[in-house]
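Some notes on the structure that comes next.
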Amino acid sequence: MNRIRAAVIGGGANCEHEVSLASATSVAAALSPGKYDVVRLAVAEDGEWHDASGPIGLAAAIGVLTSCDVALPIVHGPRGEDGTLAALLDLAGVRYVGSGVRAGALAMDKWVTKLVAGAIGIATAPGELLTAASSRACRWTGPVVVKPVAAGSSQGVTLVTDPEQLTAALQAALALDERVLVEQVVSGREIDVAVLGDGGFGRTVSPALEVVVDGFFDFDAKYGGGAEFRVPADLAGSDRKALEDAAVAMYDALGCRGVARVDFFLTEAGPVLNEVNTMPGFTAQSQVPRMFAAAGLAYPDLLERLICEALVER
Ligand SMILES: Nc1ncnc2c1ncn2[C@@H]1O[C@H](COP(=O)(O)OP(=O)(O)O)[C@@H](O)[C@H]1O
Ligand SMILES: [Mg+2]
């Protein structure tokens, strides 16, 4: 059998650059050398494309990508997961793992995600969309969560419990995006469910994972070991079904491909959607690989499934 030439793209010109590099490094290491020729590419924080030798520029990077059978764009956040890399790969005619332009762009936008969820009857935190101009009129009404519409890894996300912190929180979110959300604080357990497509109509839903964190699930808790993942989450059957149904409904409404991690708060009134990640954290220790491992699908086999889906004729 011919070996598959697979481009693994990491990094990215955004605040999740390092997180994406870690995901891509882990993915590249998990692809069996007996089956894959792995070609590593990275996008630097300034947007420059690099191969293993150093900067090569976008044109040469496209040349590398078109020489590959499949690409794995393991880039979280804006100018990656938001559809931009999918667009580049579509235009270059390269098959790739994961969601296309539309699903990536829709899911990256937390405001649009809310609108789509609302349209199909899935609850989200009530929230208001502000820009730099309209944020000046934002008044304190009680504790809120302020966040950029499109960022990641909790960057620019602030739980505001003191009116004095509101302006700084808005500025921190506006530093990462032109649009920000001011949301009511949802109290509930944080439960994530991953959905994996098979290239057709089949969807595999992972066991749910609970994020147990003392305080806020901020950047330090995410990557500093301050959070514990419980998988499978301890859930009543009816809650599990409600979460799974909502996760699949969001996956389909956004038109996702590959794997998406759908994050919820499980409240007394049922699931409240927080966000959909179309390129979730992908180290072997990240949520999605751990969720599927709990169902008996090992990390290399999960990657294999994603690559097979990408290589299916469409
Ligand atoms: N409305 C909210 N109520 C309570 N906690 C929230 C709310 N929005 C976000 N959070 C907390 O902040 C974390 C990061 O916010 P999130 O919207 O998931 O941003 P990111 O895309 O950076 O992961 C969440 O995992 C959750 O712990
Ligand atoms: Mg999140």
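The numbers here are math on the coordinates, done by the rules we state, and not lab data. Worth saying up front: this structure is predicted, and the values here are computed from it rather than measured. All Cβ positions, glycine included, derive from the backbone under ideal geometry; neighbour counts span all protein chains shown.
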Based only on other Cβ atoms within 10 Å, what is the fewest-to-most ordering of Trp49, Trp111, Trp140? Trp140, Trp111, Trp49
Please give me the summed charge of the neighbours of Gly226: other residues whose Cβ is under 9 Å from its Cβ, Lys and Arg +1, Asp and Glu -1. -3
Name the long-range amide H neighbours of Arg95: under 5 Å, sequence gap of 5 or more, or other chain; modelled H, no Pro or chain starts. Ala71
Please give the contour-minus-distance gain from Gln285 to Ala132: 0.36 nm per residue of separation, less the Cα-Cα distance, rounded to one decimal in nm. 51.4 nm
Eligible aspartates and glutamates near Lys35 by straight Cα distance, threshold 13 Å, same-chain separation 8 or greater: Asp69, Asp301, Glu304
Relative contact order for the stretch 4-96: what is it in percent, counting Cα pairs under 8 Å that are at least 6 residues apart? 35
If one builds a Gaussian network model of the chain from Cα atoms under 10 Å apart, the most fluctuating residue listed among Ser20, Ser286, Ser238 is Ser238
In whole angstrom, note down how far apart the Cα centers of the stretch 55-89 and the stretch 167-193 are. 29
Under the rule a/c < 1.5 gives rounded, and otherwise a/b versus b/c splits prolate from oblate, where does the stretch 127-184 land using the Cα gyration tensor? oblate
Count the net charge of all other residues whose Cβ sits under 14 Å from the Cβ of Thr84, scoring Lys and Arg as +1 and Asp and Glu as -1. -3
Among Arg189, Arg79, Arg139, the residue with the largest mean-square fluctuation in a Gaussian network model of the chain built from Cα contacts under 10 Å is Arg139
For the chain, what relative contact order do you get, as a whole percent, if you take Cα pairs closer than 8 Å and at least 6 residues apart? 18
Measure nothing but the geometry: give the 0 to 90° angle between the long axis through the Cα atoms of 57-66 and the longest principal axis through the Cα atoms of the chain, rounded to 10°. 60
Note the angle between two axes, namely the Cα long axis of helix 299-311 and the longest principal axis of the Cα atoms of the chain, as a number of degrees from 0 to 90, rounded to the nearest 10. 70
Round to a whole angstrom and tell me the spacing of the C-alpha centers of the stretch 1-35 and the stretch 253-291. 20
About its Cα centre, the stretch 181-239 carries a charge dipole, from +1 on Lys and Arg Cβ atoms and -1 on Asp and Glu Cβ atoms, whose size in debye to the nearest 20 is 200
Among Phe264, Phe219, Phe201: highest mean-square fluctuation, GNM of the chain, C-alpha pairs under 10 Å: Phe201
Which residues qualify? For Gly199, with a placed amide H closer than 5 Å and at least 5 residues away or on another chain, they are Gly258
Shape of the stretch 4-96, Cα gyration tensor, a/c cut at 1.5: rounded
As straight-line cross-link partners of Lys147, the qualifying lysines (C-alpha separation under 25 Å, not fewer than 8 residues apart within one chain) are Lys110, Lys114, Lys222
